[in-house]
Amino acid sequence: MNSRTRMLAAIRREPVDRIPTDLWATPEIQEKLSRHFGSYEAALEALHIDGFAGVGPEYVGPVLPPAGPDEQVDYWGIRTRRIVHPGGTYDEQSFFPLAEARTLDDIEAYPWPQADWFDYSKMRAAAAEARKTRAVQCGYMAPFYMHNKLRGLEQSLMDPLLEPELTHVLLQKISDFLYEHHRRMFTACAGLIDVAQVTDDLGSQTGPLISLEIYRDFYAPHHQRFINLCHEFGIYVLHHDDGSCREFLPLLVAMGIDILNPIQWTCPGMDMRELKAEFGGRIAFHGAVENQRILPFGTPDEVRAEVRHCIDCLASDGTGYILASCHNLQGNTPLENILAMYDEAWRYGRRW
């Protein structure tokens, strides 16, 4: 098997020669690995990373507004600022374009992104080249997340309760753009895309961020629309959902997600053996290696034990699992722990 066939076999819950791996990391970790191995590509090869290759279109739309020092602005009008944290930097959102919207007219007046703002013509050649060795991922559809980013988290959590009509219109606008944008990407690369993300962070560290009732009414119809679009093009759906999202999983699996990430098993309801027993016959799992305590602060031996723990739980049948950290490897993660993680995955993941 090569990386592409190994990843796809795991997604299909078919036999694999070893448990496939992926690597999600902050720029600081990518730089650390590049220094150690000579280049980032050399690091991926040395660590036996299977992973995904990503493709996307080129933005050719209206000139973006000017940004200040250490600031970025995107085609949604969302602004972020580079903030230094211990161990690295993050782009923290500093402006929410629709935070002050109060009426339907305010929503209509917003300059909504258009699919015509992108050039999709070069995507097919890029996808064809990438799929020679890797599974190809394309797209990111997250209506709840975009609601958070346009309105601000606190306001977006109140919106369905205080402004249900405005919320439905707002989400329809978000969904309409994302749907058409992705339909054009998938059409341009028809037959060449393996995986797309239909995703949202519905869980927190201790429980759901919203109720199942709110999810069913406001967000699930848009997720279903995106899932159906992916399946229409023969594309597997990866659903990223941080924290304690257990309450939503029966519905999400019934709606057709194919892969669940990141499996924060320390959160309530996210026991890996239980998830594998209940959903492992219908979906694959991605991530899971504990990234808040063990990877940054544990010893290499503890990291190796965690890798075995995740494989034993999520690949108990020898497949259906892609091993990775349960979120981006953070800048304070020791190099020796990263090396131990992937070395153990290489050794222990081959025992079938």
Review point. What are the residue pairs meeting all of these: first residue in region 225-251, first residue over 21 Å from Ser325 (Cα atoms), second residue among the acidic types (Asp, Glu), Cβ atoms under 8 Å, and 6 or more apart or on different chains?
Key: Ile235/Asp194; Phe248/Asp241
Exercise for review: Go through (1) of a type in the set (D, E, K, R); (2) buried (at least 20 other Cβ atoms within 10 Å of the Cβ); (3) not in a helix (DSSP H, G or I) and name the single condition Arg282 misses.
Suggested key: (2)
Practice item. Exactly one condition in (1) touching a His at 6+ places or on another chain (Cβ under 8 Å); (2) surrounded by 18 or more Cβ atoms within 10 Å (Cβ to Cβ) is not met by Asp201; state its number. Key: (2)
Revision key, fill the gap. Here the residues within region 216-249 that are outside any helix (DSSP H, G or I) and either among the charged types (D, E, K, R) or out of contact with any Pro (no Cβ under 9 Å at 6 or more places or on another chain) (or both) are Phe233, Gly234, Ile235, Tyr236, Val237, Leu238, His239, Asp241, Asp242
Practice item. Read through the list (1) in contact with a helix residue (DSSP H, G or I) (Cβ under 7 Å, 6 or more places away or on another chain); (2) in contact (Cβ under 8 Å) with a residue 60 or more places away in the chain; (3) more than 19 Å from Leu323 (Cα to Cα); (4) not aromatic (Phe, Trp, Tyr), then give the number of the only condition that Gly203 fails. Key: (1)
Revision key, fill the gap. Scanning region 276-305 for residues that are under 20 Å from Tyr236 (Cβ atoms) and of a type in the set (A, V, I, L, M) gives Ile283, Ala284, Ala288
Study note, to complete from the structure: Of (1) part of a loop (DSSP other than H, G, I, E, B); (2) touching a strand residue (DSSP E or B) at 6+ places or on another chain (Cβ under 9 Å); (3) surrounded by fewer than 23 Cβ atoms within 10 Å (Cβ to Cβ), Gln292 satisfies every one except (2)
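Right, Ser121: more than 21 Å from the chain's Cα centre (by Cα) and without any contact (Cβ under 8 Å) to a residue 40 or more places away in the chain or not?
no
Conditions tested, residue by residue: (1) in contact with a helix residue (DSSP H, G or I) (Cβ under 7 Å, 6 or more places away or on another chain); (2) of a type outside the set (Gly, Ala, Ser).
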{"position": "Thr187", "(1), (2)": "no, yes"}
{"position": "Asp194", "(1), (2)": "yes, yes"}
{"position": "Val237", "(1), (2)": "yes, yes"}
{"position": "Gly243", "(1), (2)": "no, no"}
{"position": "Glu247", "(1), (2)": "yes, yes"}
{"position": "Asn261", "(1), (2)": "no, yes"}
Exercise for review: Tell me, please, whether a residue that is buried (at least 20 other Cβ atoms within 10 Å of the Cβ), among the hydroxyl-bearing types (Ser, Thr, Tyr) and closer than 27 Å to Gly269 by Cβ can be found in region 161-175.
Suggested key: yes
Review point. Does region 132-149 contain any residue that is farther than 23 Å from Asp217 by Cα, charged (D, E, K, R) and either modelled with pLDDT under 95 or assigned to a loop (DSSP other than H, G, I, E, B) (or both)?
Key: yes
**Study point:** Hits in region 11-39 - residues which are in a helix (DSSP H, G or I), surrounded by fewer than 15 Cβ atoms within 10 Å (Cβ to Cβ) and either touching a Leu at 6+ places or on another chain (Cβ under 8 Å) or among the charged types (D, E, K, R) (or both)
**Key:** Glu31, Arg35, His36
Point to revise | Which listed residue, of Tyr90, Tyr120, is aromatic (Phe, Trp, Tyr), surrounded by 12 or more Cβ atoms within 10 Å (Cβ to Cβ) and over 30 Å from Met158 (Cβ atoms) | key: Tyr120
Review point. If we scan region 41-52, do we find a residue that is crowded, with 18+ Cβ neighbours inside 10 Å and at positive phi?
Key: yes
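The values are calculated or read from the model by the stated rules, or taken from the named source; none is laboratory data. Predicted model, so just to flag it, every value in this text is computed and none were measured. All Cβ positions, glycine included, derive from the backbone under ideal geometry; neighbour counts span all protein chains shown.
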